């Protein structure tokens, strides 16, 4: 299936000025990532089974559309996402893409799990289970296992995955282990990914990291300016994920059953999103398009990773990232008290 073609460098004018290509590569401490990245959770059967044919077609749509930044994790489908994406990437030159994965959850045998499904949201057999481990040995074992599943000899970006409840071990042992692997050339860049902005800010301010992945905390609904400004000042790239806040911003108008932070969205939040959607529409912009465009405006943000389970979802994201958004939309949202401003 043909994806949306990458526009020429003489395309739209960026929100901060200058002509940009919709999927221009941005440098993140030596890793050049496309503005749009492909999230790998659905490739691990998140919530529902994804057929192999659909996985192939979805990846093909992303690749043909110019996406060269792919994110995965052992957590996604108990290794299924890594295995699938590793197979799909194998036909492409290794230096033509940037692959990120994560550490902190080792996959270990789960006796008695046969015949049962995973209990963390992935439609896969529970023959293995996750075991939290941010120790030096655990991190090295995790990277080794990921390389085997991916069929690669190196990882471009390795993140500590959701380390907030294991902070002492993650910063005292896990991060130094990743830095060792960076020195050895096994990984090119290191950082952390989580849904909380404050620990990421601390990590950027006090530790040697190249990138951080911030999920759901720099969106049309929440603006973690402290993290973004600190990262920009220190030259640390920010990868944003969860730009649709668990689906709340994924449709032109939020439905009554919309979810936020993985749970039902409160009524007050639904009302707020409805007002944001009205202002977007007044400027000729859909809510999902604005949700994707907003974080990419910040100079600290090098890429937005969007999950996709079908070729149509990939192509919709590719079209969205290429649509121009008037600057007046952001100023109207800010003047209405619906968009926080830095400082």
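Taking the C-alpha atoms only, the angle from helix 80-89 to the longest principal axis of the chain is near 80 degrees.
Shape verdict for region 33-149, please, from the Cα gyration tensor: rounded (a/c under 1.5), prolate (a/b greater than b/c) or oblate. Oblate is the answer for region 33-149, as a/c is 1.5 or above yet b/c matches or exceeds a/b.
Axis angle, to the nearest 10 degrees, between helix 197-206 and the longest C-alpha principal axis of the chain: 70 degrees. Note on region 27-67 and region 273-314: Cα centroid distance 18 Å, given to the nearest whole angstrom. Every helix of 4 or more DSSP H residues in the chain counts as -39500 (n - 2.57), and over all residues that averages to -10500 deg cm²/dmol at 222 nm.
Label separation (residue 52 vs residue 338): 4.7 nm, computed from points 7 Å beyond Cα along the C-beta direction.
Rounded is the label for region 223-341, because a/c, from the alpha-carbon gyration tensor with a ≥ b ≥ c as root eigenvalues, stays below 1.5.
GNM remark for the chain: springs join alpha carbons under 10 Å apart, and the peak mean-square fluctuation among 185, 44, 193 falls on 185. For the pair residue 32 and residue 310, a Förster radius of 35 Å applied to the C-beta separation gives a FRET efficiency near 0.80, rounded to the nearest 0.05. Based on Cα contacts under 8 Å between residues 6+ apart, region 33-334 shows a relative contact order of 18 percent.
Using only the alpha-carbon atoms of region 71-128 as identical scatterers, what base-10 log of I(q)/I(0) does the Debye formula give at q = 0.17, 0.18, 0.21 Å⁻¹? These q points yield log10 I(q)/I(0) values of -0.62, -0.67, -0.82. Most simply put, the chain has about 35% antiparallel DSSP beta bridges, counting only bridges with both residues inside it. When you restrict to C-alpha pairs under 8 Å that are six or more residues apart and normalise by the size of region 203-343, the relative contact order lands at 26 percent. Against the chain, whose longest principal axis comes from its Cα atoms, helix 175-184 is set at around 80 degrees. Between 38, 175, 221, the residue with the greatest mean-square fluctuation in the GNM of the chain (Cα pairs under 10 Å linked by springs) is 221. In terms of packing, defined here as the mean over residues of other Cβ atoms within 10 angstrom, the peptides 135-148, 115-128 line up highest first as 135-148, 115-128.
Our note on the geometry: Cα centres of region 131-170 and region 171-198, 8 Å apart. Taking packing as the residue-averaged number of other Cβ atoms within 10 angstrom, the listed peptides 25-34, 103-112 run from highest to lowest as 25-34, 103-112.
Bear in mind that the values in this text are calculations on the coordinates, not laboratory data. All values derive from a computational prediction rather than experimental measurement. Cβ atoms come from the backbone with ideal geometry, glycine included; neighbour counts cover every protein chain shown.
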